[in-house]
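**Student:** Quick one: this structure, given as structure tokens, is what I'll be asking you about.
The values are calculated or read from the model by the stated rules, or taken from the named source; none is laboratory data. If you're wondering where the values come from, they're calculated on a predicted model, not measured in any experiment. Quick reminder, even Gly has a Cβ in these numbers, built from the backbone with ideal geometry, and neighbours come from all protein chains shown.
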Amino acid sequence: MRVPCRRLHPQLSAKGTRRPFQYSSSNSIDDQHRSSHLDALPGRLIVVRHGQSVWNKGSNQLERFTGWTNVGLSENGQRQAVQAARKLHGYSIDCAYVSLLQRSQTTLRLMLEELNDQGRRSEGYDDLTTDIPVISSWRLNERHYGALTGQSKLQAEQLFGKAQLDLWRYSYKIPPPPMDPDTFSSWKHQAHCQMATYIHHRHNRSRVIEKGNSVWDSSRAVMPRSEAFFDVLQRIVPLWKYGIAPRLARGETVLLVGHANSVKALLCLLDPHTVTPTSIGALKIPNTTPLVYQLIRDYPGASTSVPASFPVLGDLRVVIPPSNSTRYPLSGTWLEDPPVARDAGTAVEEPNASVLG
């Protein structure tokens, strides 16, 4: 995959002349101890939920609990992915993260292809294309819905009752009932259900950087049978701590394509004052609306001119925009207004704002 390569911040050479910083991507996802004078540069995280899937293109009552089912994008979902990339015109991506599921993988592929086409059409980008590392990880997979997987909201409500269904959907620590043993047995050997993280680099080469119980201390050797929000958050923390955050601290712009619930779990780390165990269930994540977070590294003597900030990992901080909307109280900037967040259990939902995954 090729996207426009940016001209990074100019640095002073040993002789005092200015030269462009030459970006060199890391071959390791967990080299969090690497540091240099570049640590003070701002990093940027662009978070995107995948496009509409073939299982969620009908009415709200017909939408299915998709979870780890490996369905693809609808035609509308493919168009949404291209439109998401167009909203990122002018951004230059250093690295991308994505789940193992087809609908997020396709969304990322279409976005990168469109970004590359934009680069070729833009003046001054004739020779400025480069391969970027793409990290695919089970840790960004959608929440596993267990026995609810494949059922429509209407079917599940008729089977379990609305109160019980809402408890499973919106509570922080109560998972749905587990997937039945036969289905679990047939799923657990599929590629997208492995506890694995891969890095794909130049010429489509890939390398496994996490498999089962590893240096990241994966708690499961096989896929879960069901998950609550809390479980999704726990599996994302190592990817954030050892993969994404170090890249942001080095000043990279990272594009992440995930799912409704894996994105919400990530926002618990980026927006801890707003996305909490009690509010996470009501938060709606629209398909393919980029959410951009600006980050900085605090260090002695660093500029304090940013409007406000709070730590998200050590001295890594999210910059809170001064014009942050109270309608959507997140510290990131939506590149297009998302649907209004409604309370958990509200019958009417905005299009493309489902939390069914």
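**Student:** Just to be sure before I move on: is Gly67 at positive phi and surrounded by fewer than 21 Cβ atoms within 10 Å (Cβ to Cβ) in the structure I sent?
**Tutor:** It is false that Gly67 is at positive phi and surrounded by fewer than 21 Cβ atoms within 10 Å (Cβ to Cβ).
Per-residue answers, yes or no, for (1) out of contact with any Gly (no Cβ under 9 Å at 6 or more places or on another chain); (2) on the phi > 0 side of the Ramachandran plot; (3) not in a helix (DSSP H, G or I):
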site: Gln158; (1), (2), (3): yes, no, no
site: Pro176; (1), (2), (3): no, no, yes
site: Ser185; (1), (2), (3): yes, no, no
site: His189; (1), (2), (3): yes, no, yes
site: Tyr198; (1), (2), (3): yes, no, yes
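**Student:** Next question, about the same structure. State the number of residues belonging to the stretch 70-93 that are touching a Cys at 6+ places or on another chain (Cβ under 9 Å) and either at positive phi or modelled with pLDDT of 95 or more (or both).
**Tutor:** Qualifying residue count, the stretch 70-93: 1.
**Student:** State which residue pairs qualify: first residue closer than 9 Å to Ile296 by Cβ and assigned to a strand (DSSP E or B) and inside the stretch 309-322, second residue aliphatic (A, V, I, L, M) and at pLDDT below 80 in any location, beta carbons under 7 Å apart, and separation of 6 or more residues or different chains.
**Tutor:** Ser309/Ile320; Val319/Val306
**Student:** Among (1) modelled with pLDDT under 95; (2) surrounded by 18 or more Cβ atoms within 10 Å (Cβ to Cβ); (3) out of contact with any Phe, Trp or Tyr (no Cβ under 8 Å at 6 or more places or on another chain), where does Asp217 come up short?
**Tutor:** (2)
**Student:** If you don't mind, there's one more thing I want to ask. Could you grab the pairs with beta carbons closer than 6 Å, sequence gap of 6+ or different chains, first residue in the stretch 265-280 and farther than 13 Å from Phe229 by Cβ and in contact (Cβ under 8 Å) with a residue 12 or more places away in the chain, second one crowded, with 20+ Cβ neighbours inside 10 Å and among the hydroxyl-bearing types (Ser, Thr, Tyr)?
**Tutor:** What qualifies is Leu270/Tyr293; Asp271/Ser331.
**Student:** Could we say that Gln158 is modelled with pLDDT under 95 and surrounded by fewer than 17 Cβ atoms within 10 Å (Cβ to Cβ) here?
**Tutor:** Yes, satisfied.
**Student:** Using the structure shown, decide if Leu165 is within 24 Å of Glu63 (Cα to Cα), surrounded by 15 or more Cβ atoms within 10 Å (Cβ to Cβ), within 25 Å of the chain's Cα centre (by Cα) and not hydroxyl-bearing (Ser, Thr, Tyr). Let's see the steps before the verdict.
**Tutor:** Numbers: within 24 Å of Glu63 (Cα to Cα): yes; surrounded by 15 or more Cβ atoms within 10 Å (Cβ to Cβ): yes; within 25 Å of the chain's Cα centre (by Cα): no; not hydroxyl-bearing (Ser, Thr, Tyr): yes.
Here the answer is no, as Leu165 does not meet what is asked.
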